Amino acid sequence: MLRIRLSMGGVRKRPVYKIVIADGRYPRDGKFIEKIGSYNPLLPKDKKERIKIEAERVKYWMSKGAQPTQRVSRLLGELQIMPMPKPGNNPQKAIPKKDRKKNAEESKETSKAEGKKEEPKAEGKKEEPKAETKKEEPKKEQPKAEAKKEELKDKK
């Protein structure tokens, strides 16, 4: 599948990207079919030199079936070559990576607790017999422990 994507260039801490048409199976900075523009993220957003692109070639390749990546589709949306994509919703982005797991576990627990509160109202009869069977099982285990204690006393 053909992709319209960014290919990284420049030097360390000063990235410059080429906007290229490439096969989706090739690496990011690898072989490409055609260079159709460039993107310099270090320049201010209001400068024209920030994004240079050949709009006719983009339309040609899109008619051939090339799909832009998420970042390129945003760049094309800014230039009004195609409609702007919907913004993504990632509420975890602002949370440090170490704390994300903790928050995910807490949200699962709260959702389970909410789910359990709603289910007994609708299906209260089904859950009651299960609770009774669980109560009986620990009683069976207690006599075994007592029997072992008695055996130890007899051996002494």
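A few points about this structure:
- When the Cα gyration tensor is reduced to axis lengths a ≥ b ≥ c, the ratio a/c is 1.5 or higher for the range 21-61, and with a/b not above b/c it is classed as oblate.
- Shape of the range 2-78, Cα gyration tensor, a/c cut at 1.5: oblate
- In order through the range 34-40: 3J(HN,Hα) via Karplus (6.51 cos²θ - 1.76 cosθ + 1.60), integer Hz, x for Gly, Pro: 8, 8, 10, x, 9, 9, 10
- Between GLU54 and ARG14, full extension at 0.36 nm per residue minus the direct alpha carbon distance yields a gain of 12.1 nm.
- Greater than 31 Å apart at Cα, pairs in LYS59/LYS101; LYS13/LYS97; LYS64/LYS86; LYS18/LYS93; LYS47/LYS86: LYS59/LYS101
- The orientation-averaged shadow of the Cα convex hull for the range 1-43, equal to a quarter of the hull surface, comes to 3.0 nm².
- Potential lengthening of the chain between MET1 and GLU34 amounts to 10.4 nm, from the contour at 0.36 nm per residue minus the alpha-carbon distance.
- When only Cα pairs below 8 angstrom with a gap of at least 6 residues are kept, the range 2-78 shows a relative contact order of 30 percent.
- Qualifying GluC sites (Glu not before Pro) in the range 31-109, where qualification requires a DSSP coil assignment and no more than 15 other C-beta atoms within 10 Å, comprise GLU54.
No value in this document is a laboratory result; all are computed from the given coordinates. Model, not experiment: these values are computed from the prediction. Neighbour counts run over all protein chains shown; Cβ positions are idealised from the backbone, glycine included.
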